[in-house]
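Read through the structure below, which is laid out as structure tokens, and then see the notes.
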Amino acid sequence: MTQPIELDKIRNVVNEVVEGTPIFDIHTHLYAPGFDRLLLWGVDEMLTYHYLLAEFFRTTPMSYDQFWAMDRPAQADAVWKQLFIERSPLSEACRGVLTVLAEFGLDVSTRDLTSFRRHFAQQSLEKHVETVFAHAHIRSLIMTNDPFDDQERPIWEGGWKPDAQFQSALRLDQLLNDWPEAAQKLAGWGYKINGDLGEGDRQAVRCFLRNWIERMQPRYLGVSLPPTFTYPDSSYCGQIIEHCLMPVAHDADLPVALMIGVRRGVNPAMRLAADAVGKADVTAVDHLCRAFPENRFLATMLSRENQHELCVSARKHPNLHVFGCWWFVNVPSIVEEITRERFELLGLTYTPQHSDARVLEQLIYKWSHTRTRIARVLSDKYTDLAHTGWPVTREDIGRDVEGLFGGNFEQFCRLPTM
């Protein structure tokens, strides 16, 4: 065994290891450069990210229609004026923009949006992707890929393949949450669909899933679900899960990622910023894990109130892997609370975070801010451990952090090397 770390040096070693360990970001809304305009990047995209828009609409008498009628630079100008110039940018989303700008060596004290735009306009996309990955210390990420998206589907049908840097996840929200609409689309693509979800429809859905698994080579099958989600359930959603999703995922040896708790379209005029959160029923996850013990499940929940119960459920089901502080709980104060709770209940058998980034440069701030919180919690936990007399070594910390930053996920999912 290597020499234990002295008690007063544990925090410094943890900070060094956490900062130096590359990350496998297991859930994003980013796209590879081959997806062209679907990959969002640059300061205007950061400023018009829906987290900031929800905050912006609280500050202005401007109507929604008036705002959406403006082009992207004008929208960004309005957000910059309201959230950064007329008010101090204290929110996590605002601070994130400044973290990114500062990381690129830009002087945020100038408050000069024009100069910031000039910097991004000078970048070539391919090189910029490499630069962002380097700054965020990302070794790989997983996209969110939706075959029901009319912009995205043709790219896959044209033969695009994932690689080691941009991996895929097959997203199935419309299939599970809006069967009538999904049935119409499947029928239009040539699948034999009646719409009643009888055995003929189930066979067609299973065929659709197998076809897209072969095409996308996803790391998991994912779905976001409302807080009202329950299982077992005789609804279309419940039937598709039981008769289509679970058997296909089992045969393909793919986990199913459940992201539960989003209330869609609470204020539709805000578009992507329209969604809210609701407390969900964690027993639905218990029932799925018990009903399908040979399937594997990834789970994250949107409500802070669900986090403790989800941890307890994960202690009871080895086929359940908890991951990430998703969306509305991805703010530093709550991230730290949840991360402490998970270490105390699950040890090192989970994945503490994913970025959920929708704009390329967000990888920088989301992981920079997250590393700080994870390092703080880990330092406290290793210090507690050392106080018992247990030796804490750099090698142990390095092994543990590699697991937390992607290795645990890869082991749980039994991922092959790309």
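To keep it simple, each residue is scored yes or no on (1) within 25 Å of the chain's Cα centre (by Cα); (2) under 23 Å from Lys366 (Cα atoms); (3) of a type in the set (A, V, I, L, M, F, W, C); (4) assigned to a helix (DSSP H, G or I).
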site: Ala54; (1), (2), (3), (4): yes, yes, yes, yes
site: Met62; (1), (2), (3), (4): no, no, yes, no
site: Asp65; (1), (2), (3), (4): no, no, no, yes
site: Pro73; (1), (2), (3), (4): no, no, no, yes
site: Ala78; (1), (2), (3), (4): no, no, yes, yes
site: Gln82; (1), (2), (3), (4): no, yes, no, yes
site: Ser88; (1), (2), (3), (4): no, yes, no, no
site: Ala93; (1), (2), (3), (4): yes, yes, yes, yes
site: Thr99; (1), (2), (3), (4): yes, yes, no, yes
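Considering region 216-238 alone, what residues qualify as being without any contact (Cβ under 8 Å) to a residue 40 or more places away in the chain and in a helix (DSSP H, G or I)? Passing the criteria: only Gly238. Within region 249-272, can you find the residues that are on the phi < 0 side of the Ramachandran plot and surrounded by fewer than 20 Cβ atoms within 10 Å (Cβ to Cβ)? Matches in region 249-272: His250, Asp251, Ala252, Arg263, Arg264, Val266, Asn267, Pro268, Ala269, Met270, Leu272.
Selection of first residues in region 111-134 that are more than 25 Å from Leu83 (Cα to Cα) and exposed (fewer than 10 other Cβ atoms within 10 Å of the Cβ) and of second residues that are of a type outside the set (Lys, Arg) and modelled with pLDDT of 95 or more, restricted to Cβ pairs under 9 Å at least 6 apart or on distinct chains, gives the following pairs, ordered by first then second residue: Glu126/Pro33. Residues that are touching a strand residue (DSSP E or B) at 6+ places or on another chain (Cβ under 8 Å), over 25 Å from Trp156 (Cβ atoms) and among the hydrophobic types (A, V, I, L, M, F, W, C) within region 1-52 comprise Ile23, Met46, listed in sequence order.
Condition check ((1) surrounded by 18 or more Cβ atoms within 10 Å (Cβ to Cβ); (2) closer than 20 Å to Ala284 by Cα) across all residues:
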| site | (1), (2) |
| --- | --- |
| Met301 | yes, yes |
| Pro318 | no, yes |
| Val322 | yes, yes |
| Val335 | yes, no |
| Thr351 | yes, no |
| Leu385 | no, no |
| Thr388 | no, no |
| Thr393 | no, no |
| Phe412 | yes, no |
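Just wondering, is there one or more residues in region 192-208 that are within 21 Å of Trp326 (Cβ to Cβ), surrounded by 14 or more Cβ atoms within 10 Å (Cβ to Cβ) and either touching a Pro at 6+ places or on another chain (Cβ under 7 Å) or at pLDDT 95 or above (or both)? Within region 192-208, none of the residues are within 21 Å of Trp326 (Cβ to Cβ), surrounded by 14 or more Cβ atoms within 10 Å (Cβ to Cβ) and either touching a Pro at 6+ places or on another chain (Cβ under 7 Å) or at pLDDT 95 or above (or both).
For region 250-302, which positions are within 19 Å of the chain's Cα centre (by Cα) and of a type in the set (S, T, N, Q)? Result: Thr300, single match. Can you spot a residue in region 398-413 that is polar (S, T, N, Q), touching a residue at least 12 places away in the same chain (Cβ under 8 Å) and within 12 Å of Val14 (Cβ to Cβ)? No: zero hits. If I filter region 273-299 down to residues being acidic (Asp, Glu) and out of contact with any strand residue (DSSP E or B) (no Cβ under 8 Å at 6 or more places or on another chain), which single residue comes out as surrounded by the most Cβ atoms within 10 Å (Cβ to Cβ)? Filtering region 273-299 for residues that are acidic (Asp, Glu) and out of contact with any strand residue (DSSP E or B) (no Cβ under 8 Å at 6 or more places or on another chain), the one surrounded by the most Cβ atoms within 10 Å (Cβ to Cβ) comes out as Asp286.
The listed residues are Ile241, Ile213, and the only one of them that is assigned to a helix (DSSP H, G or I), among the β-branched types (Val, Ile, Thr), in contact (Cβ under 8 Å) with a residue 60 or more places away in the chain and out of contact with any His (no Cβ under 8 Å at 6 or more places or on another chain) turns out to be Ile241. Within region 274-294, residues that are β-branched (Val, Ile, Thr) sit with their Cβ atoms under 8 Å from residues that are part of a strand (DSSP E or B), at 6+ positions apart or across chains, in these pairs: Val277/Val262; Val277/Arg263; Val282/Met301; Val285/Leu258; Val285/Ile260; Val285/Phe297; Val285/Ala299; Val285/Leu320.
The values are calculated or read from the model by the stated rules, or taken from the named source; none is laboratory data. Fair warning: this is a prediction, and the values are worked out from it, not measured in the lab. Note: ideal-geometry Cβ built from the backbone for every residue, glycine included; neighbour counts use all protein chains shown.
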